[in-house]
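Some notes on the structure that comes next.
The values are calculated or read from the model by the stated rules, or taken from the named source; none is laboratory data. Only a predicted model underlies this, so the values are computations on that prediction, with no experimental measurement involved. Neighbour counts are summed over all protein chains in view; Cβ atoms, including those assigned to glycine, are modelled from backbone coordinates with ideal geometry.
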Amino acid sequence: MKFVLATHNPNKIREMGAILGQFGVEVVSPKELGITVDVEETGSTFAENAMLKAKAICELAKLPAIADDSGLCVDALNGGPGGYSARYGGPGLDDTGRWQLLLKNMEGKEDRACRFVCAIACVLADGETVTVRGECEGELLHENHGAGGFGYDPLFYVPECTFGELAPEVKNRISHRARALGRLRDVLKDKI
Ligand code: IMP
């Protein structure tokens, strides 16, 4: 069965495509279908926002859809930036500007515990919906390491190195996204 990935983020498309490809799931991006609509994230949880995106793109594409809503939750910032990870600091910042702002806001904070959270929502051809979640625990470094991955990866330390220093295939085995998509595969295996 072919799924449309309900995101325009090339990094998510690359990672989700690689993980789902290992499960034998074929995917297509909205862009490949001529869909340019940006779905507004008006939900209050990762799961709600993922479902909003999956439903909207499923309807436009007339294909089953899989959406990711994710973010970095830092204990010392009461779970922030969380659902605002992509918008942290406002529209003027790129990935580097956002992690630099995060480092600044973490200055002097000793508790560096954090986790990446990923909610995956899926809408099937018959309208049935599934939501799953994956998390990956880590620590926020005081400086960036590695140029791989995207977003906050250069700061996110899992024992031995950051996500930014991991080979893509290793990140795609242990990440919050990999964990959520693994759960989706378990739920879908009898349905598709
Ligand atoms: P969303 O499009 O609202 O789900 O935003 C997700 C944001 O969370 C991304 O733009 C990144 O800033 C951050 N994020 C999510 N997953 C990852 C990851 O695997 N590595 C680094 N940053 C991530």
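Odds and ends about this structure:
- For segment 98-119, filtered to residues that are surrounded by 17 or more Cβ atoms within 10 Å (Cβ to Cβ) and not in a helix (DSSP H, G or I), the residue that is farthest from the ligand (Cβ to nearest atom) is M106.
- Among the numbered conditions (1) in contact with a helix residue (DSSP H, G or I) (Cβ under 9 Å, 6 or more places away or on another chain); (2) surrounded by 15 or more Cβ atoms within 10 Å (Cβ to Cβ); (3) among the aliphatic types (A, V, I, L, M), the only one that A147 does not meet is (2).
- Per-region count, segment 1-22, residues assigned to a helix (DSSP H, G or I) and of a type in the set (S, T, Y): 0
- Filter result for G24 (within 12 Å of the ligand (Cβ to nearest atom), at positive phi and among the small types (G, A, S)): no
- Selection count where residues are away from the ligand (no atom under 12 Å from the Cβ) and without any contact (Cβ under 8 Å) to a residue 24 or more places away in the chain, scope segment 158-192: 10
- Condition check for A180: assigned to a helix (DSSP H, G or I) and closer than 30 Å to L60 by Cα: yes
- Scanning segment 62-92 for residues that are among the small types (G, A, S) and either crowded, with 20+ Cβ neighbours inside 10 Å or closer than 19 Å to H176 by Cα (or both) returns A65, A67, S70, G71, G79, G80, G82, G83, S85, A86.
- When G21, G34, G43 are checked against the criterion of being of a type in the set (G, A, S), under 18 Å from the mean Cα position of the chain (by Cα) and over 15 Å from K2 (Cβ atoms), G43 stands alone in meeting it.
- Considering segment 138-157, the residues that are of a type in the set (G, A, S) and not in a strand (DSSP E or B) include one that is nearest to the ligand (Cβ to nearest atom), namely G151.
- Residue within segment 129-138 that is modelled with pLDDT of 95 or more, buried (at least 19 other Cβ atoms within 10 Å of the Cβ) and farther than 18 Å from D69 by Cα present: yes
- Residues of segment 45-68 classified as in a strand (DSSP E or B) and within 12 Å of the ligand (Cβ to nearest atom), total: 2
- Members of segment 69-92 found to be outside any strand (DSSP E or B), of a type in the set (A, V, I, L, M) and within 10 Å of the ligand (Cβ to nearest atom), listed by number: A86
- Boolean, D95 is near the ligand (Cβ under 9 Å from one of its atoms), of a type outside the set (S, T, Y) and either closer than 20 Å to G182 by Cα or modelled with pLDDT under 95 (or both): no
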